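Taking it in order: structure first as structure tokens, then the write-up.
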Amino acid sequence: MLFIILFLSLLKINTMNKDRLKEVLSIPSVYGEEGLVRDYIQKYAEDNGIDYHIDKKGNIYLTKGREDNLTEGEFYPCVVAHMDTVHRNHINLVYTNQRLDIVEQPYENSQYTDLQQTALIAKHPTTKEQTGIGGDDKCGVAVCLEMLDHFDIIKAAFFVEEEIGMKGSKEADSEFFKKVGYAIQFDAPSSNWITEVCSGQRLFDTDFKELITEDLSNNGYTTFSNDPFTDVNQLAQKFNFCCLNLGCGYYRQHTNHEYVIVEEVEDAIRAGKSLITKLRFEYYEHKKNNVILAEDRSDFYYDSYEDEEKLLQNMSVDITEAVIEMLSEGCDKEEISEFVQQYLEDNYY
């Protein structure tokens, strides 16, 4: 019966709900203040008749398909994302329930020679200046909702406070994960990123890797990596099923210049659907055996997508030192002001 359900799900229209992606990205969310995103997910569950519950930490869990539809030895696939972002300058938008303005524009640096890609950026509704779009990890939220649309039997977990040490997933509901066979998180840049090791924690074993490699490659995912933390780090420690984390189309995360590539979010959706269709309702035990680790890409992760706070700190030092030197040389306020403005235009705006 479950095979028939899975087969029928493949016949559903294989297109992304771009309007919903933009809607999710427009919702402001900051670590510790994820309520607007959680409300959106809760309403989605209620509108679609999906069971859900919210734990005392604020994580929200969805279960689509009754457990008695599973036969003995079958388990739920589970998708994962976190609801928070690092963009503290959005906190007033959360409090006043305002939305970011999402702007769609052509992406000129397309990796595809025969396809024009589309970038999404965010602008602050008050200042109209570009600001962080929060693709890390609202892209993941949108991808998980696509998985819930597509499959009739699936679970999804959405965590709070990932950005400040995986605080939400550290308190993951053990009861919810009892009937989970594997977990796929969508929380990395690009659409060719597979986290194999996360903060020193292996997420899956070599036999699972052999099982998924060809399918991932067919969907454009070829790079296995050793990365900083995300929520499946905690799931891999707490539970004994295999996990993995995939890129979902965001870039320059943690900065005001963050953007999202629509086609690469679609890549993540296609890869997720393909993987779940292949892995089905099996349980994939994570034996946590220690073998050769994936390439350590943490430096690339941080160097390529520089943290906003670190960037501002470095700029502050540069400007301060330059202004002191200019004052010592007798420069007037107008000259100093012009220097600072030019510096900001060259290095930040």
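A few notes on this one:
- Sole exception among (1) within 13 Å of the chain's Cα centre (by Cα); (2) closer than 18 Å to residue 107 by Cα for residue 257, by number: (1)
- Of note, residue 112 satisfies the criterion of being among the aromatic types (Phe, Trp, Tyr), modelled with pLDDT under 95, open to solvent by 70 Å² or more (accessible area, probe 1.4 Å) and out of contact with any Gly (no Cβ under 8 Å at 6 or more places or on another chain).
Per-residue answers, yes or no, for (1) at pLDDT 95 or above; (2) in contact with a His (Cβ under 6 Å, 6 or more places away or on another chain); (3) over 30 Å from residue 278 (Cβ atoms):
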position	(1), (2), (3)
123	yes, no, yes
132	yes, yes, yes
140	yes, no, no
143	yes, no, no
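- Within segment 235-257, the set of residues being within 18 Å of residue 82 (Cα to Cα), crowded, with 24+ Cβ neighbours inside 10 Å and of a type outside the set (A, V, I, L, M) comprises 243, 245, 247, 248, 249, 250, 253.
- The helices (runs of 4 or more DSSP H) found entirely in segment 233-349 that carry 1 or more residues being modelled with pLDDT under 70, touching a strand residue (DSSP E or B) at 6+ places or on another chain (Cβ under 7 Å) and within 24 Å of residue 216 (Cβ to Cβ) are 298-304.
- Residue that is surrounded by fewer than 20 Cβ atoms within 10 Å (Cβ to Cβ), of a type in the set (Val, Ile, Thr) and either over 13 Å from residue 245 (Cβ atoms) or in contact (Cβ under 8 Å) with a residue 12 or more places away in the chain (or both), where the choices are 131, 206: 206
- Of the residues making up segment 161-172, those that are farther than 18 Å from residue 87 by Cβ, open to solvent by 10 Å² or more (accessible area, probe 1.4 Å) and not in a loop (DSSP other than H, G, I, E, B) are 170, 171.
- Residue in segment 2-12 that is farther than 19 Å from residue 263 by Cα, open to solvent by less than 50 Å² (accessible area, probe 1.4 Å), at pLDDT 50 or above and over 18 Å from the mean Cα position of the chain (by Cα) present: yes
- Residue in segment 173-182 that is of a type in the set (Gly, Ala, Ser), under 25 Å from residue 117 (Cα atoms) and crowded, with 16+ Cβ neighbours inside 10 Å present: no
- Cβ pairs under 9 Å, 6+ apart, first in segment 264-283 and within 12 Å of residue 140 (Cα to Cα), second among the basic types (Lys, Arg) and surrounded by fewer than 20 Cβ atoms within 10 Å (Cβ to Cβ): 265/18; 266/18
- Those strands (runs of 3 or more DSSP E) lying entirely in segment 30-94 with at least 3 residues open to solvent by 30 Å² or more (accessible area, probe 1.4 Å) and not charged (D, E, K, R): 51-54
- Top-ranked residue in segment 125-150 [being of a type in the set (Val, Ile, Thr) and part of a helix (DSSP H, G or I); ranked as farthest from residue 36 (Cα to Cα)]: 143
- Failed criterion for residue 158 (all others in (1) more than 12 Å from the chain's Cα centre (by Cα); (2) modelled with pLDDT of 95 or more; (3) part of a strand (DSSP E or B) hold): (1)
The values are calculated or read from the model by the stated rules, or taken from the named source; none is laboratory data. Small disclaimer: the values here were computed from a predicted structure and weren't measured. No Cβ is skipped: glycine too gets one built from the backbone with ideal geometry, and neighbour counts run over all protein chains shown. Areas reflect the complete protein model, heavy atoms only, side chains present, ligands, DNA and RNA absent. Shrake-Rupley method; radii C 1.70, N 1.55, O 1.52, S 1.80 Å.
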